[in-house]
Structure formats: structure tokens, C-alpha cells
Amino acid sequence: GIQVEQSPPDLILQEGANSTLRCNFSDSVNNLQWFHQNPWGQLINLFYIPSGTKQNGRLSATTVATERYSLLYISSSQTTDSGVYFCAVDPTLYGNNRLAFGKGNQVVVIP
Amino acid sequence: DGGITQSPKYLFRKEGQNVTLSCEQNLNHDAMYWYRQDPGQGLRLIYYSQIVNDFQKGDIAEGYSVSREKKESFPLTVTSAQKNPTAFYLCASSHSKNTIYFGEGSWLTVV
């Protein structure tokens with residue numbers, strides 16, 4: 001099946017710093033989504049981004065589908081940004097939103 | 001409120017018992033999904049359903065069963081055949097090929 005690799009696996013940030021998370025995938029996809037999982041386990045959808053660039057407040061994401069990667073940017077990080085960020089892709093082979101997840105980027109923002 | 005409701009939040013199961021996790025959504029979504037998450041890991045797909053009275057196996061369906069008798073409900077049964085059921089279980093829903101939304105999850109522990 002499709003491989004989804006996220007880097008770095010762990011990241012510690014000083015509050016106010018910027019960071020970039022990367023997601024590489026091994027095959028063509030119909031769509032790509034970024035999620036944030038808070039310490040209580042709740043998964044929140046951040047971006048639905050099969051290609052191009054989107055921004056939402058201090059977060060932005062870029063997907064280059066032809067090169068099979070996506071980037072999530074966190075600017076001016078806050079302690080509430082802590083948690084695990086997941087990249088998930090819907091392989092073209094399936095095409096029914098059957099998402100395959102990476103193992104996540106564990107982010108800790110310290111005051 | 002609109003959303004996805006999972007219950008119970010915490011569940012303890014004895015060896016050899018079947019347990020059922022509830023998932024209800026009032027978002028009028030066609031598709032529903034069950035994922036399993038183990039510590040430090042990404043999510044793995046157990047079962048998914050794109051329409052009432054139809055469902056398909058995901059990547060780790062062995063030891064699990066589901067039903068989709070109503071559009072808003074997609075219960076998951078963890079059977080005694082599942083050898084390592086202790087995990088965090090997440091239900092999700094979406095309009096097909098669109099953003100996926102998750103419930104708050106259910107923690108299952110075998111005692």
C-alpha cells in the first residue's frame with residue numbers, strides 16, 4: 001500500500017518560533033488532509049489540500065502533488081499548538097476517501 | 001449541536017467478551033469510518049461504509065464487525081477474536097471525497 005512518511009517525528013519549539021512539518025507519500029493521491037490531535041485525543045481537521053497552498057491564521061499548508069509531498073507551516077507558535085500533527089492521503093487507487101495516515105509529528109511548544 | 005458522538009468514552013473488557021462501540025453522526029454524511037490508534041502510531045482503518053447497508057473492510061478488519069442499518073449510525077463490535085484490542089478507537093464521517101470529521105474517540109482496555 002501507499003507509504004506516508006512524516007518528518008521530523010518530534011519537535012520542541014520555543015513559543016513564538018516558526019516551524020515546518022513535512023509529509024512525503026509514495027504514490028499518487030486524490031486528496032491530502034492535515035489534522036491536529038490534542039492531548040485529549042481529539043482530531044481536528046486543519047486543511048483539505050490535494051494541491052496548492054492554503055492559509056488559516058498562523059497555519060498554512062502547501063501540497064506539490066507531482067512531487068508527492070506536503071508541508072505544514074506553523075508561524076509564531078503558541079503553547080496551544082502542542083500535540084500531534086497527522087498527514088493523511090487518499091490514494092488514487094481507492095478514490096473513496098479511504099485515508100492512509102502517517103505516524104505523525106509530535107510538537108511541544110514551551111513558554 | 002452537529003457532530004459525531006462516540007460512546008462510551010472509556011470501556012473495560014474482560015478476556016473473551018465482545019464489546020460494541022457506538023458512533024452516531026447528525027451531519028448527514030454518507031460515508032463513515034472506524035480507525036484504531038495505538039500509542040505513538042498513526043491511525044489504521046478498520047472498516048468503512050459509503051452508503052447504508054454497505055460496508056468494506058479496511059486494513060485491519062480481523063476480529064472486528066460493523067453494521068450500517070441507518071445513515072447516522074455505524075457501531076463497531078470488537079469480538080473475542082481480536083487478540084490485542086486495547087487501543088484508542090476513532091469514528092469519522094464525511095461526504096464522499098471531502099473533509100473527514102472525527103468523533104472524540106473511545107478508549108478500550110482489556111482487563
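The values are calculated or read from the model by the stated rules, or taken from the named source; none is laboratory data. Computed from a prediction, not measured in an experiment: that's the story for all the values here. Note that each Cβ is placed from the backbone with ideal geometry, even for glycine, and that neighbours are counted across all protein chains shown. With ligands, DNA and RNA removed, areas are computed over all heavy atoms of the protein, side chains included. Shrake-Rupley method; radii C 1.70, N 1.55, O 1.52, S 1.80 Å.
Bridging of B:LYS70 to aspartates and glutamates at a Cα separation below 20 Å is possible for B:ASP1, B:GLU24, B:ASP30, B:ASP54, once same-chain residues fewer than 8 apart are set aside. Only beta bridges with both residues in the protein assembly as shown are counted; by DSSP, about 90 percent of them are antiparallel. Neighbouring Cβ atoms from other chains, within 10 Å of the Cβ of residues in B:36-42, number 4 on average. Over chain B, calculate the relative contact order: mean separation of alpha carbon pairs under 8 Å at least 6 apart, over the residue count, as a percent. The normalised contact order for chain B reaches 35 percent. Charges on Cβ only, +1 for Lys and Arg, -1 for Asp and Glu, centred on the Cα centroid of chain B; of B:THR79, B:TRP107, B:GLN37, which one is farthest towards the dipole's positive end? Positive-end residue among those listed: B:THR79.
Each part reduced to its alpha carbon centroid, segment B:3-82 and segment A:10-69 end up 26 Å apart. By a straight-distance test (C-alpha under 27 Å), which lysines pair with A:LYS103 as possible cross-link partners, with residues fewer than eight away in the same chain excluded? Within reach: A:LYS54, B:LYS9, B:LYS57, B:LYS83, B:LYS97.
Site pair B:SER80 and B:GLN56 shows an inter-label distance of 3.3 nm when each label is modelled 7 Å from Cα along Cα→Cβ.
Could you please state how large a percent of the accessible area of the protein assembly as shown is carbon and sulfur, counting protein chains only and using a 1.4 Å probe? With neighbouring chains kept in place, the figure for the protein assembly as shown is 49 percent. Taking every C-alpha pair closer than 8 Å and separated by at least 6 residues, the mean separation divided by the residue count of segment B:70-111 gives a relative contact order of 37 percent.
DSSP bridge analysis restricted to chain A gives an antiparallel fraction near 90%, rounded to the nearest 5.
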